[in-house]
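Encoded as C-alpha cells, the structure appears first; notes follow it.
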2 protein chains.
Amino acid sequence: MNNPSDITKESITQAQERIKHYIEHTPVLTSNSLNELAGCQLFFKCENFQKVGAFKARGAMNAALSLTEEERKKGLATHSSGNHAQALARAAKILNTKSYIVMPRTAPEIKKKGVRAFGGEIFECEPTLQAREETLANVIAKTGSTEIHPFNNYKVMEGQATCAKELFEQAGQLDIVMAPVGGGGLLSGTALAAKFFSPTTKVIAGEPAGSDDAYRAMQSGKIEQAQSNTIADGLLTSLGDKTFPIIYENVKEIITVTDEEIIAAMRLIWERLKIIVETSCAVPFAAVLKDKEKFSGKRVGIILTGGNVDLEKIGKWFAS
Amino acid sequence: MNNPSDITKESITQAQERIKHYIEHTPVLTSNSLNELAGCQLFFKCENFQKVGAFKARGAMNAALSLTEEERKKGLATHSSGNHAQALARAAKILNTKSYIVMPRTAPEIKKKGVRAFGGEIFECEPTLQAREETLANVIAKTGSTEIHPFNNYKVMEGQATCAKELFEQAGQLDIVMAPVGGGGLLSGTALAAKFFSPTTKVIAGEPAGSDDAYRAMQSGKIEQAQSNTIADGLLTSLGDKTFPIIYENVKEIITVTDEEIIAAMRLIWERLKIIVETSCAVPFAAVLKDKEKFSGKRVGIILTGGNVDLEKIGKWFAS
C-alpha cells in the first residue's frame, strides 16, 4: 500500500474484517446530562476500553496482519514511547513473532513494562528524534524487521479508520464526527471513513493550543512543527507526509483548546460517564464545549481515544 | 409488603419488569489481566453506570412505583446524605410527585445540588441520627408523605435484588456472587436473588474493617453497632431489622478489608477496567484479592455499586 488512493471503501471494510477477532468492538456511550450541557446529541466511542487501552490496537494489528509471511517472521519494529509501542508488541505476540521497540530512556517505566509484558524487546536511546531514528535504523539493519510507524503508514491509517466506521454503524446518521489530532493517523482514518461510509458527516478535529501544528498546517497548506506546551501528551507530534494531505483535503476544521479547557472536559467525562479517559482524549469534547454554537442541536460522534492515565498525576489536575 | 417472605421469585421478576423502563440495564465487564491477577474469572456488574450513578436507583424506583395512587400523590420522604437521596428525588420526579429529603447540614453541597436538580425539597438537620429521625417525622406529619428508607424497606430490597438477577442472566452460572455491605439493602436483595434464581451460587460480602458491624453480627447473631473508621463512606451504616435476618440466613461469609486494600483494589479497577468506581464499590474486589485461595478458579460475579466520586479527594488516594 503505497498511495493514499489505496485506502478505499473496500479496503477499510476488509481491514475491519481482518482485525475483528483481535480487537474489542467498543461500546458507544451517551449521557443526557452531557447532551444538555453541550446543547447537542453526543455519541462517545469508547476506545479507552480497547485492547491496550487505546485505538492504537487497531492500526498496529491491521498493519501487522497485512505483512507477507516472510516479513512477519523477521519481526516488527517502531519507535514510540506511547500506546503504539504496546499495541505493536501485542500484535507481534499474537502473530507469534518478535517486536523491537525503540524508546527514549526517559520514557515512563510503566510504558516499558507494558511493552515487555507482550514480549517486546526495548532499545533505549537519547530522547531526541534523531537518536530515535538512528537507533531504529540500526535495529532494522540488524534484524531485517519491518518498521510500522505509529501514524505515517497507510495500513495503520486504514486500521484506525475502522473505529469511525464502527461508530457510524452504532450511532446512526451523524452530522459531525470528531477526533483529536497528533500525528494524524486517527484523524486521517476518520476522515476517510466519513468520506466512504457517511459522506454527509463533517469531520472536525480538536487540538491542544499548546501544540497546534495541525491547525497551522490547515492555514499554511504545509506541515508545521509541533510544540509541546500542553498536558495532552499523546498529541505532541507533527503531521506526517502521508497523513497531512488526507487531513488537508477531508477535514472541515480544527478547533484548538487550552489545557484548562481540556481538564474541565476530561473531568466532565470522568464524572458523568464514569469512565477513565486520557487528557488527549478529552480534547474534542473540550472543543464542543468551547464552540457550542457550531454543534447546537447536531448529532455529534466523538472518538474517545484512550484511557491510559498515570493516576499519580491526577491529584493536581482536580485539586480545588 | 410486610414480611420477608413477601419477597419471592415472582415478586422480584415483577419488580424487574416494573422498573425496567426507568433504569439502565448496566453492562458486565471482564478483564483478562484482572482475572490473571486474582486467579479466578471475574464478572463486574457496572452499577456505576446506573441512573444517578448507583444501584440505589433500582430500589427507590421499585418502592415508589409500588405505592398506591393516593400515597404517591402525597410525596416520598427519606433521610439520606448519599445516593439514595438522589435516587428517591429522581423517582418522585419521574412519577410527577414531590420528594422531601432530610439531610445533615454537613452533607456535601454536591449531594444537595443533585437532589435539587431532581426537584427534591431538602430539610437540613443536625448530623445525628436522632435529629434526622425527628426531622423526618415532622416532615411526614406535615406532608402526609410516605417514608422510603434507604435499605430497611422490603420494596427497596426487592428492587436491589434485580441487580443480581440481571447479573445471573448476563454472566451465566456463577460460583460466587459478591456485594459490599452497609445497611444491607443490596446484600439482602442479592442473597434473595441468588436463592431464587441461582441457588448453587454462594453469596459472599465485603466489608471495611473500620466499620465491620455486619461481620460481627454474623458472629453474634444480632445487629451490631457500626463504626466509621474507613474511607468507604457508603458503608458506615448498621444493618436494619429487615435486612439482618435475610443476610444472617443466606449469606455464606463476610470478608473484611483495610482501607489500604480498598484503595489498591479501586486503583486496579480504575486502571484496568478504565471506569470510575467509589471506594465502597471496591470493597468486594479487595476481599477477593485478600483471600485468593477461596476464589481460586471460580466464576465470581461482583456488583460494582456506584461511581459517585469526589474527584478533588483522589489526589491523596493515589499519591506515590
Seminar exercise, completed: A careful count of residues in the stretch A:35-53 that are buried (at least 23 other Cβ atoms within 10 Å of the Cβ) and more than 30 Å from A:Lys111 (Cα to Cα) gives 1
Seminar exercise, completed: Checked the stretch B:55-71 for anything out of contact with any Cys (no Cβ under 8 Å at 6 or more places or on another chain) and over 23 Å from B:Glu124 (Cα atoms); matches are B:Gly59, B:Met61, B:Asn62, B:Ala63, B:Leu65, B:Ser66, B:Leu67, B:Thr68, B:Glu69, B:Glu70, B:Glu71
Exercise. Among the numbered criteria (1) crowded, with 17+ Cβ neighbours inside 10 Å; (2) more than 16 Å from the chain's Cα centre (by Cα); (3) facing another protein chain (nearest Cβ under 10 Å), which single criterion is violated by B:Arg267?
Worked result: (1)
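Could you tell me which of the residues B:Glu158, B:Glu147 is of a type in the set (D, E, K, R), more than 17 Å from B:Ala217 (Cβ to Cβ) and surrounded by fewer than 24 Cβ atoms within 10 Å (Cβ to Cβ)?
Numbers: B:Glu158 fails: surrounded by fewer than 24 Cβ atoms within 10 Å (Cβ to Cβ).
Criteria check complete, one pass: B:Glu147.
Of the residues in the stretch B:236-274, how many are under 13 Å from B:Lys290 (Cα atoms) and part of a helix (DSSP H, G or I)? Explain how you work it out, then say what you get.
Quick first cut of the stretch B:236-274, residues under 13 Å from B:Lys290 (Cα atoms) only: B:254-265.
Add one more test, that the residue is part of a helix (DSSP H, G or I), and what stays is B:259-265.
Result for the stretch B:236-274: 7.
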For this session: Would you check if there is a residue in the stretch A:277-300 being without any contact (Cβ under 8 Å) to a residue 24 or more places away in the chain and farther than 23 Å from A:Gln173 by Cα?
Result: no
Seminar exercise, completed: Exactly one of A:Ala205, A:Ala232 is surrounded by 24 or more Cβ atoms within 10 Å (Cβ to Cβ), assigned to a strand (DSSP E or B) and small (Gly, Ala, Ser), and that residue is A:Ala205
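For residues that are in a loop (DSSP other than H, G, I, E, B) and among the polar types (S, T, N, Q), tally how many sit in the stretch A:143-172.
Of all residues in the stretch A:143-172, those in a loop (DSSP other than H, G, I, E, B) come to A:144-145, A:148-153, A:172.
Then keep just the ones that are among the polar types (S, T, N, Q); that gives A:145, A:152-153.
Result for the stretch A:143-172: 3.
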Problem set entry | Pick from the stretch B:286-320, criterion assigned to a loop (DSSP other than H, G, I, E, B) and touching a Pro at 6+ places or on another chain (Cβ under 8 Å), ranking: nearest to the other protein chains (Cβ to nearest Cβ) | B:Asp310
Problem set entry | Which numbered condition A:Ala107 misses (of (1) modelled with pLDDT under 95; (2) touching a Ser or Thr at 6+ places or on another chain (Cβ under 8 Å); (3) within 14 Å of another protein chain (Cβ to nearest Cβ)) | (3)
For this session: Name the one entry in A:Gly119, A:Gly53, A:Gly75 that is touching a Phe, Trp or Tyr at 6+ places or on another chain (Cβ under 8 Å) and not polar (S, T, N, Q).
Result: A:Gly75
Problem set entry | From A:Ile276, A:Ile254, A:Ile231, residue being aliphatic (A, V, I, L, M) and within 14 Å of another protein chain (Cβ to nearest Cβ) | A:Ile276
For this session: Considering every residue within the stretch B:17-30, establish whether at least one is touching a Lys or Arg at 6+ places or on another chain (Cβ under 8 Å), of a type outside the set (Val, Ile, Thr), surrounded by 14 or more Cβ atoms within 10 Å (Cβ to Cβ) and assigned to a strand (DSSP E or B).
Result: no
Exercise. Can you name the residue in the stretch B:112-138 that is under 22 Å from B:Asn62 (Cα atoms) and in a helix (DSSP H, G or I) and is also modelled with the lowest pLDDT among such residues?
Worked result: B:Gly114
Seminar exercise, completed: When (1) under 21 Å from B:Ala226 (Cα atoms); (2) touching an Asp or Glu at 6+ places or on another chain (Cβ under 7 Å); (3) within 14 Å of another protein chain (Cβ to nearest Cβ) are applied to B:Thr78, the one that fails is (3)
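I'd like the residue in the stretch B:199-229 that is of a type in the set (Val, Ile, Thr) and over 17 Å from the mean Cα position of the chain (by Cα) and, out of all such residues, is nearest to B:Ala54 (Cα to Cα).
Of all residues in the stretch B:199-229, those of a type in the set (Val, Ile, Thr) come to B:200-201, B:203-204, B:223.
Next, only the ones that are over 17 Å from the mean Cα position of the chain (by Cα) stay: B:200-201, B:223.
Details: B:Thr200: 27, B:Thr201: 24, B:Ile223: 25 Å.
Residue satisfying both the conditions and the ranking: B:Thr201.
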Problem set entry | Evaluation of A:Ala194 against (1) crowded, with 24+ Cβ neighbours inside 10 Å; (2) touching a Ser or Thr at 6+ places or on another chain (Cβ under 7 Å); (3) touching a residue at least 60 places away in the same chain (Cβ under 8 Å) (one fails), failing number | (3)
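The values are calculated or read from the model by the stated rules, or taken from the named source; none is laboratory data. Treat the numbers as computed from the prediction; the structure is a model and nothing was measured. Don't worry about glycine lacking a Cβ; one is built from the backbone with ideal geometry, like all the others, and counts go over all protein chains shown.
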